[in-house]
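Inspection log for the structure reproduced underneath, given as structure tokens.
Derivation of every value follows stated rules applied to the coordinates shown; laboratory data play no part. As the structure is a prediction and not an experimental result, all values here were calculated from the model. Don't worry about glycine lacking a Cβ; one is built from the backbone with ideal geometry, like all the others, and counts go over all protein chains shown.
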Amino acid sequence: MEDTINQIAQHINDLAKNRSELAKLLKKVDSLKLFPSLAKQIKPIELNNKICGVDGGFLAKEYHGMGLILRRAVAACFHYKQNKLVKTDYFPSRRPQPEPIIIGSEFNSAEFSTLASLRRVEMELATQLKAAKELQPDVLVADGSIVLHPSSVPDKDSKVQPLYEKVINQYIELYEYCTKNNILLIGAIEDCKGTKYCSLLKQRFSEAALPEEIKKELSELLPVLDRTTDTLFLFYFLQAGWRTEDFEYSSSRAELPVMREIGKWSEAVRAMYIKAVEYDRPMRLDFIGDPEQVASTIFEISRQNRSYSYPSVLIEADGRAKLREQEIMVFKSALNEKLGRNPSLFELRREIRPF
């Protein structure tokens, strides 16, 4: 066992060393100013605005003849004056009651999973839009991307398709409202596993005209980008208080079906990574708006802890919206009292095996 652990540790250490060496080399290339800069220092700003963060609480449980969902979403709106938090508003309230939803037996397990995901997004988008209208913030920050994740896209003939189309329309309405009312729209991804930026770097430097010595070093180190996520590489490349250049969310509409569905807005959604603190990974931001303003705003509200960086307004919203696992069991127990031993509420066999 110890030999196996040593081998695994050595493998992880070798990958980290290669990432670090590649980061140093790309910084050297960047200093030659042969291309637009790969990294930019984030400009400090004084906060004198309203920043609204929206997060949702969600639980879903599938039973033999039905599915149960509990959901809620909360907007926390921080009012800043000279960088000081002076007031906090909430929408629809500090801790709204969760909404229960019953899903019928006509949905198979795969459809239930997709439907549950879309029901969560549906409520969060509705809360984002209502909070934008009610609270009129200068900045609206969503927990997660401002584009629907590909895993939530149903098959064309799925019974979930109408809900999917509704959610796409919600996204478009949110984009339009925020743009029309000069609200900076940002999605902060807490644990991003994306590889888009690494792919862009590899493509750029595989074809670049560089001094022969650097080109040889790059040819040996660039393959490490095939075995890393953006945040793992950028941990070594970015200093605290720096960001990447911004880039397209998707290089073509054919790449992601969702991008076709949102039409012209597919060109407006941009992405970047920022490193807010020294001892945490960079954070991915998807956004519509000015990249400098996006980076500066999120940087200011995400650097309260040296080893953890996330927008404070989303931490507050999460604390208000979070649901505990036992809450769905309490709801099910209340149903059992009314229905007795009804087979629709039987647990799935794979979850109650006695051996």
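Quick notes on this one:
- Residue check, K159 touching an Asp or Glu at 6+ places or on another chain (Cβ under 8 Å), in a loop (DSSP other than H, G, I, E, B) and touching a residue at least 12 places away in the same chain (Cβ under 8 Å): yes
- Search result, residues across region 64-116 that are in a loop (DSSP other than H, G, I, E, B) and closer than 30 Å to L47 by Cα: Q82, N83, P92, S93, R94, R95, P96
- Some residue of region 203-215 being part of a loop (DSSP other than H, G, I, E, B), free of Cβ contacts under 8 Å to residues at least 12 places away in the same chain and charged (D, E, K, R): yes
- Residues that are of a type outside the set (K, R), in contact with an Asp or Glu (Cβ under 8 Å, 6 or more places away or on another chain) and assigned to a strand (DSSP E or B), drawn from region 252-282: A271, M272, Y273
- First in region 94-115 and of a type in the set (G, A, S), second anywhere and part of a loop (DSSP other than H, G, I, E, B) and surrounded by fewer than 16 Cβ atoms within 10 Å (Cβ to Cβ), Cβ under 7 Å, 6 or more apart: S105/G65
- Condition met for K130 (exposed (fewer than 14 other Cβ atoms within 10 Å of the Cβ) and of a type outside the set (V, I, T)): no
- Of the residues screened, K40 is one that is part of a strand (DSSP E or B) and within 28 Å of F233 (Cβ to Cβ).
- Test for K24: is it surrounded by 18 or more Cβ atoms within 10 Å (Cβ to Cβ) and of a type in the set (D, E, K, R): no
- Residue count for region 134-171, restricted to those that are over 22 Å from A75 (Cβ atoms) and within 17 Å of the chain's Cα centre (by Cα): 3.
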